[in-house]
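Rule-based calculations on the coordinates, nothing more; no lab input. These numbers come from a predicted model, not from an experiment. No Cβ is skipped: glycine too gets one built from the backbone with ideal geometry, and neighbour counts run over all protein chains shown.
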Amino acid sequence: MKELIYLDKDFIYSFITQINNELTGTKSTEVQEQRMEAKENTLRQQYSALNQFEHYLLKNSSLVNFNEKKDSEEVTLGSYIKFTSSFQPINFDVVQKMINDKFIKFLFNKLEEAKNVEVQNILEQTLTLEQRTVFLNELEKTYDNMVGVQKNKIHSIKDMLVYIKEAIPFSSFIKMNNCLIPVKDSYLRESIEELAFKYGSGDTSVEITLIGKITKKINKKEINALDYSNLVDKQPNEILNKFLGFPTNLLGGFGLVTANNYIISPVAMYFE
C-alpha cells in the first residue's frame, strides 16, 4: 500500500489526459475540461492516476530501475526513473530561521561557560601571580579568537543562504543517495519541516520511493572551488559560465551534491 508524500498532480493528470486523448481522439477543448475536473479529485483517484502513469512507463520500457543503474553511465538525461532509498528533507528557509540572533547568543553563551570552567581550573592551581596572569591572558586570547572564527563562519553561512534563496528557484529539497530532488511545497502532503522533524537526516531504516525525471548530471566544474579573483581578464562568456555554475557550487559547499550526482524532477514520492 502506497503512502503518498508528494505528487505533482498537474503533471500527472496532464500526462494521463494526453494518453487517454490519443486513444479516444478527444478534442483540445475537452482536454481542458478534463484537466479542470481532475484537479477536484479524491485521494483514491490520485493513487489510480499514479498507478496508471507508472504502468504506462513500464509498458513502454520507459522507467529505469535506478537502484540497479544509479552508478551506471548508461542512464541518460530525460529518463524517467524509479528509485528507493533513505532520504533527507532539506529546507533553506528553516535553516535560515534557525541561524538567528537567539541561536548565536546561545552558541556564545556555551563558549563563555566553557571559558569560565577553564578560568576556574587555573584559579584552583598553585601558581604565582605572574603565572596565573599569563595563563588567564592566553586563555582570553584563545576564546576571543574562537568567538571571532565562529562569528565569521555564521555570517558566511547566512550570506550563502541569502544568495541561494535568491539564485535558486527552490527552497525545499529531498536528498536521496546521489540524487537531489527539488520539490514544490504545494505538492507535498506534509510540509518539508514536518518530514525533517519526523524522519531526521537520512536515517537508513526509513526509505521512500521516487518516480521522477533526470534533468541534470552535475559535472566537476560546477563543484570545484571557483576563482573570481581574475574576472577582469576573462571573456564575457567565461564570466557568464562561472556565475551560472555558482549556485550549484554553493549547494556542493553545503554537502548536498558532488560531481556526477543527479538532479531529479519529481513526479511522485511515497512510502511502500
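General observations
- Placing R0 at 25 angstrom, the Cβ-Cβ distance between residue 10 and residue 190 gives a FRET efficiency of 0.85 after rounding to 0.05.
- Subtracting the Cα-Cα distance of residue 131 and residue 20 from 0.36 nm times their residue separation leaves 31.3 nm of extension gain.
- Karplus 3J(HN,Hα) series, Hz, for segment 120-136 with 6.51 cos²θ - 1.76 cosθ + 1.60 (x for Gly, Pro): 4, 4, 5, 5, 7, 7, 7, 9, 6, 4, 5, 4, 4, 5, 4, 4, 5
- For the cross-link pairs 9/97; 69/213; 102/153; 105/158, the ones whose C-alpha atoms lie over 18 Å apart are 9/97.
- For residue 267, the residues whose modelled amide H falls within less than 5 Å of its own, excluding neighbours fewer than 5 places apart on the same chain, are 211, 212, 213.
- Annotation: extensible slack from residue 254 through residue 56 equals 67.5 nm (criterion: 0.36 nm per residue apart, minus Cα-Cα distance).
- Remark: segment 65-71, residue by residue, has Karplus-estimated 3J(HN,Hα) of 6, 6, 4, 8, 10, 4, 9 Hz, where x stands for each Gly or Pro and the curve is 6.51 cos²θ - 1.76 cosθ + 1.60 at θ = phi - 60°.
- Between amide H atoms placed 1.01 Å from N, distances below 5 Å from residue 84 occur with 67, 210, all of them 5 or more places distant or on a separate chain.
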